[in-house]
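First the structure, in the form of structure tokens, and then the observations on it.
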Amino acid sequence: MFTRRTFVSTGTLAAIGAAFAPRIAFAAAPTEKRFVFIIQRGAADGLHTLAPVGDPAYAAARGALAQDFASAAKLDAMFALHPALANTAALYKGGEALFAHAVASPYRDRSHFDGQNVLESGGKDAYQIKDGWLNRLLSVLPQEQAKGIAVAATVPMALRGKVEVASYAPSALPDASDDLLARVTQLYAGDAQLHALWEQANATRALTGDLAADNGRNAAATGALAARLLAPADGARIAMIETGGWDTHSGQSGRLAAQLRGLDAMIGAIKTGLGPLWKDTMVLVATEFGRTVAVNGTGGTDHGTASAAMLLGGGVKGGRVIADWPGLAPANLYEARDLKPTASLDGVIAGATAAHFGVDPARMTAALFPAAGPVRAVEGLTRSV
Amino acid sequence: MTDASIALNRFGLGARPDDAPPGDARRWLVDQFDRYEPRVSGAPTAAAAAQALADYQQARQAVRAEQGGARPGQRRRAAMAEQAPAMEEGAAMAPTNRRPAGPRQVAGEDAQPMSDTERAAVAMRRQGREFYTQSVGLRMNAALATPTPFVERLVHFWANHFAVSADGMRVVGLAGPFEFEAIRPHVLGRFRDMLFAVERHPAMLMYLDQAQSVGPNSPLAQVAAARAARGQGQGRKPGLNENLAREIMELHTLGVRTGYSQGDVTEFARAMTGWTVAGLGRGGGRMAGTDGRPGDFVFAPRLHEPGARTIMGRGFAQDGQAQAAAVLDMLAAHPATARHIATKLVRHFVADDPPAAAVARVEAAFLQSGGDLPTIYRALIASPEAWATQPAKFKTPWEWSVSTLRALGLREFGTPQTVGLLQQLGQPTWRPGSPAGWDDTAPSWAGPDAIMRRVEAAERFATRANQQIDPRARAAQLFPGSASAATTQAIARAESPSQGLALLLVSPDFMRR
């Protein structure tokens with residue numbers, strides 16, 4: 001399902017990469033790096049996650065929603081983190097959490113489904129590219145590392161593509177008998193689609209053992225599950241976790257607090273679960289677009305443009321918020337209603353993954369965002385080793 | 001596949017062992033239009049679900065009045081219980097991690113005992129959950145026993161096209177009534193009439209926040225502004241919510257990226273103000289003009305934004321309720337809508353990547369008939385692409401479950417078991433988590449873990465099924481003249497009839513339609 005154009009450009013890249021890439025990109029010894037992408041489906045409100053409380057226009061622009069930050073500790077002169085994000089705040093304090101604000105993908109309309117497609121495919125427009133940037137990231141990594149998994153029953157767009165990936169989600173169904181599994185293997189042998197899926201299912205099953213007992217009923221369990229899938233020496237190196245429920249058109253204050261508490265628990269569980277591997281781990285949290293600056297008539301916010309993203313992990317050069325802050329005064333808003341995007345989310349993703357995996361930023365950018373035009377990878381997001 | 005097998009499996013819901021294979025496959029489909037029974041007896045109604053919500057709101061207000069207002073912490077926890085916060089329910093996670101809303105105490109910020117308000121919220125959620133569970137059971141049993149499986153499939157199609165997601169207390173009890181009242185009676189009518197029934201149903205008005213949307217210059221907003229200016233009245237300023245207006249254009253009618261702008265969305269939202277639900281206002285219903293039997297559609301002039309509107313270059317000068325109705329009429333007949341609906345129908349019945357010729361044929365039928373749905377379905381049946389012998393559609397968990405239970409010859413299946421099965425297979429009924437509904441293409445459903453779950457479920461069903469079933473004969477009944485050699489051979493070699501049945505249920509023939 002490649003368009004001719006993307007096929008040609010990735011093919012060319014692979015050829016150039018093999019011949020001229022810096023040695024480090026294809027170093028023989030695989031590193032221990034782990035990468036987790038947590039997608040916030042539904043346009044999470046960055047202004048209500050990382051609030052610009054130091055902006056003189058903030059309180060008036062946000063009305064009742066500003067109350068939630070009345071007693072929040074400030075991260076710096078401008079920003080305060082939502083009080084529900086306790087684990088995240090501790091990571092920030094320890095220099096292991098970095099936030100990017102007023103960021104956006106190239107998408108500028110306000111459809112969730114198109115916006116998520118742009119975020120996940122890494123294209124410039126919706127449905128322009130048929131595979132996902134996370135899958136293309138796998139193709140940049142040495143083969144030993146190129147194992148991805150979706151913590152979900154099916155593979156989300158960002159992880160779809162030519163590199164095969166697994167998916168796993170806990171199930172309460174009893175395990176099928178080995179004899180039946182063997183016969184299903186035979187039955188699917190002549191069916192290309194089912195054969196490939198079945199191979200993956202069996203490989204994952206062998207890896208996960210008794211994980212089903214956890215039953216991943218809440219965010220923390222899902223985080224712990226992701227950590228267990230990433231931890232083994234022969235486990236996945238890249239995982240994606242889908243979260244929904246961020247589309248807060250009404251009653252945002254209570255709903256978002258519950259959402260953020262769950263996200264925070266998930267992040268905490270990933271760190272705990274990975275233990276010493278946390279130093280080699282990077283977690284990216286991002287959403288398809290932001291929400292309106294003004295509160296709507298039902299205590300919520302509507303679809304907007306720029307939002308905030310998070311990078312967390314032992315190697316992240318954290319304790320900072322990076323933002324070319326556009327301001328919330330009415331004249332500074334995008335289309336007189338949204339937080340104006342002043343930085344490229346693609347640039348943050350490319351810069352973060354390049355630094356984390358030790359790949360040349362230009363090469364990473366070209367692989368992940370081949371259609372996006374002039375994306376500049378944001379540099380210096382990790383501590384130099 | 002033979003035509004008979006295509007009619008039973010691709011257009012129908014999977015064969016039952018007591019179905020005689022249709023002689024004339026196309027005619028078998030069309031004849032169902034005359035026999036379809038829209039009514040589901042014993043189905044919960046929106047009126048009952050809405051009354052329960054209204055009772056809860058009244059109880060909550062009474063408690064507040066008695067206590068002189070709950071403490072802020074309690075109020076917040078009660079609000080959280082009411083919203084059934086997605087993360088705690090697991091609904092925010094991947095679909096497979098979801099659990100239906102259950103009566104559990106909200107994990108609060110502290111361990112204080114529940115207030116009366118919180119208790120009322122918990123009881124309300126239990127009530128909504130009962131309506132939900134009962135409705136899911138009725139939907140499944142209708143699908144198992146129906147003599148008109150093609151029309152039943154169309155009901156499922158339209159309910160997903162106009163999706164509501166039963167994620168919070170306000171919608172969970174209404175999702176079933178939504179399908180029973182707004183979809184079923186209109187599935188063989190005109191698209192326009194279904195559209196109106198859907199957009200006026202309390203489930204949709206509440207799910208997409210329309211019920212509370214207020215025109216910024218409406219009488220009610222002006223009263224609120226005047227009170228605020230006098231320093232009276234606290235709380236939120238009433239205002240516009242554009243959620244439903246946007247999704248009507250993007251999802252229900254025109255389709256995304258079809259020539260409307262952000263300005264059109266906002267204008268349409270203004271036109272829609274006043275379309276709301278009776279009896280569910282939190283006090284002040286009389287003032288807002290939303291009195292009446294809870295759950296009924298009501299137009300409240302006091303919420304309506306005055307003035308003429310311009311949407312997609314057309315003027316709408318109508319007064320009151322007629323304004324949004326005129327916009328909906330325009331959208332229902334728009335060529336982009338015909339194209340959007342045709343594309344989705346062809347995607348559902350023919351292939352993930354819908355063939356252009358079939359789309360064009362169905363689109364033309366839509367436009368020529370003014371959105372007459374049986375005419376549209378006939379055009380679909382007449383499309384040769386829909387009779388391609390290779391099955392192109394990978395079954396969703398719902399389709400696989402229904403066809404599995406039908407294949408086992410069941411006419412009834414336990415209600416909690418139905419809810420649990422769909423949960424485990426990754427497609428909890430009426431809970432797509434988004435107004436776009438469940439995706440209708442293979443990549444969303446053909447995942448490694450998803451296949452493994454079907455194998456696990458198939459083994460469980462087969463073990464419990466009647467041991468008298470001969471899986472070789474059953475395969476021939478389910479796929480008349482079509483069972484593949486690989487499937488036939490795997491079944492013949494199975495170590496037991498039960499294992500053979502499990503293999504049949506997960507065979508490539510059975511996974512697709």
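The values are calculated or read from the model by the stated rules, or taken from the named source; none is laboratory data. This is a predicted model, so every value here is computed, not measured. Positions of Cβ are backbone-derived with ideal geometry, glycine not excepted, and every protein chain shown enters the neighbour counts.
Do you know which residues across segment B:426-446 are of a type outside the set (Gly, Ala, Ser) and either within 8 Å of another protein chain (Cβ to nearest Cβ) or under 15 Å from B:SER165 (Cα atoms) (or both)?
Within segment B:426-446, B:GLN427, B:PRO428, B:THR429, B:TRP430, B:ARG431, B:PRO432, B:PRO435, B:TRP438, B:ASP439, B:PRO443, B:TRP445 qualify.
Only a single criterion out of (1) within 14 Å of chain B (Cβ to nearest Cβ); (2) not basic (Lys, Arg); (3) not in a helix (DSSP H, G or I) is not satisfied by A:VAL321, namely (1).
When the residues of segment A:107-146 are filtered to those that are over 24 Å from A:SER307 (Cα atoms) and at pLDDT below 90, the one that is nearest to the other protein chains (Cβ to nearest Cβ) is A:ALA146. The number of residues in segment B:481-496 that are free of Cβ contacts under 8 Å to residues at least 60 places away in the same chain and surrounded by 19 or more Cβ atoms within 10 Å (Cβ to Cβ) comes to 5. Residue-level analysis places B:LEU505 among those that are more than 10 Å from every other protein chain (Cβ to nearest Cβ) and within 30 Å of B:VAL350 (Cβ to Cβ).
Listed here are the residues, each with its yes/no results for (1) within 27 Å of B:LEU405 (Cα to Cα); (2) of a type in the set (Asp, Glu); (3) assigned to a helix (DSSP H, G or I).
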position: B:LEU13; (1), (2), (3): yes, no, no
position: B:LEU29; (1), (2), (3): yes, no, yes
position: B:ALA43; (1), (2), (3): yes, no, no
position: B:GLN51; (1), (2), (3): no, no, yes
position: B:GLN57; (1), (2), (3): no, no, yes
position: B:ARG64; (1), (2), (3): no, no, yes
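Residue count for segment A:351-369, restricted to those that are of a type outside the set (Phe, Trp, Tyr) and out of contact with any Gly (no Cβ under 9 Å at 6 or more places or on another chain): 8.
Looking only at residues of segment A:216-252 that are at the interface with another protein chain (Cβ under 8 Å from one of its Cβ atoms) and assigned to a helix (DSSP H, G or I), we find that the one that is modelled with the lowest pLDDT is A:ALA219. Does segment A:203-215 contain any residue that is part of a helix (DSSP H, G or I), more than 10 Å from chain B (Cβ to nearest Cβ) and at pLDDT 90 or above? Checked segment A:203-215: no residue is part of a helix (DSSP H, G or I), more than 10 Å from chain B (Cβ to nearest Cβ) and at pLDDT 90 or above. If I filter segment B:402-418 for residues that are closer than 22 Å to B:ARG10 by Cβ, within 9 Å of chain A (Cβ to nearest Cβ) and within 18 Å of the chain's Cα centre (by Cα), do I get at least one hit? Within segment B:402-418, none of the residues are closer than 22 Å to B:ARG10 by Cβ, within 9 Å of chain A (Cβ to nearest Cβ) and within 18 Å of the chain's Cα centre (by Cα). Out of all the residues in segment B:112-146, which are at pLDDT 95 or above and in a loop (DSSP other than H, G, I, E, B)? B:THR146 - this is the single residue of segment B:112-146 that is at pLDDT 95 or above and in a loop (DSSP other than H, G, I, E, B). Exactly one residue out of B:ALA322, B:ALA356, B:ALA360, B:ALA333 is farther than 20 Å from B:VAL256 by Cα, surrounded by fewer than 22 Cβ atoms within 10 Å (Cβ to Cβ) and modelled with pLDDT of 95 or more, and it is B:ALA322. If the condition is being more than 7 Å from every other protein chain (Cβ to nearest Cβ) and either in contact with a helix residue (DSSP H, G or I) (Cβ under 9 Å, 6 or more places away or on another chain) or crowded, with 17+ Cβ neighbours inside 10 Å (or both), then segment A:189-202 contributes A:ALA189, A:HIS195, A:ALA196, A:GLU199, A:ASN202.
Listed conditions (1) more than 14 Å from every other protein chain (Cβ to nearest Cβ); (2) on the phi > 0 side of the Ramachandran plot are all met by A:GLY299, apart from (1). Screening A:LEU263, A:LEU284 for residues that are assigned to a helix (DSSP H, G or I) and either of a type in the set (D, E, K, R) or touching a residue at least 24 places away in the same chain (Cβ under 8 Å) (or both) leaves exactly one candidate, A:LEU263. Inspect segment A:241-255 for any residue being without any contact (Cβ under 8 Å) to a residue 24 or more places away in the chain and surrounded by fewer than 23 Cβ atoms within 10 Å (Cβ to Cβ) and give the result as yes or no. Among the residues of segment A:241-255, at least one is without any contact (Cβ under 8 Å) to a residue 24 or more places away in the chain and surrounded by fewer than 23 Cβ atoms within 10 Å (Cβ to Cβ), which makes the answer yes.
The conditions of being part of a loop (DSSP other than H, G, I, E, B), modelled with pLDDT of 90 or more and either surrounded by fewer than 23 Cβ atoms within 10 Å (Cβ to Cβ) or within 12 Å of chain B (Cβ to nearest Cβ) (or both) are met by A:VAL163. Within segment B:447-480, which residues are facing another protein chain (nearest Cβ under 7 Å) and either surrounded by 20 or more Cβ atoms within 10 Å (Cβ to Cβ) or modelled with pLDDT under 90 (or both)? Across segment B:447-480, the qualifying residues are B:GLY447, B:PRO448, B:ASP449, B:ALA450, B:ILE451, B:MET452, B:ARG453, B:VAL455, B:GLU456, B:ALA457, B:GLU459.
Remark: pairs (first residue in segment A:137-157, of a type outside the set (Val, Ile, Thr); second residue in a helix (DSSP H, G or I) and at pLDDT below 90; Cβ separation under 6 Å; 6+ apart in sequence or on different chains) = A:PRO142/A:PHE26; A:ALA153/B:THR96; A:ALA153/B:ASP449.
Restricted to helices (runs of 4 or more DSSP H) entirely inside segment B:294-390, those with at least 1 residues that are in contact with a Leu (Cβ under 7 Å, 6 or more places away or on another chain) and touching a residue at least 40 places away in the same chain (Cβ under 8 Å) are B:321-332, B:335-349, B:373-381.
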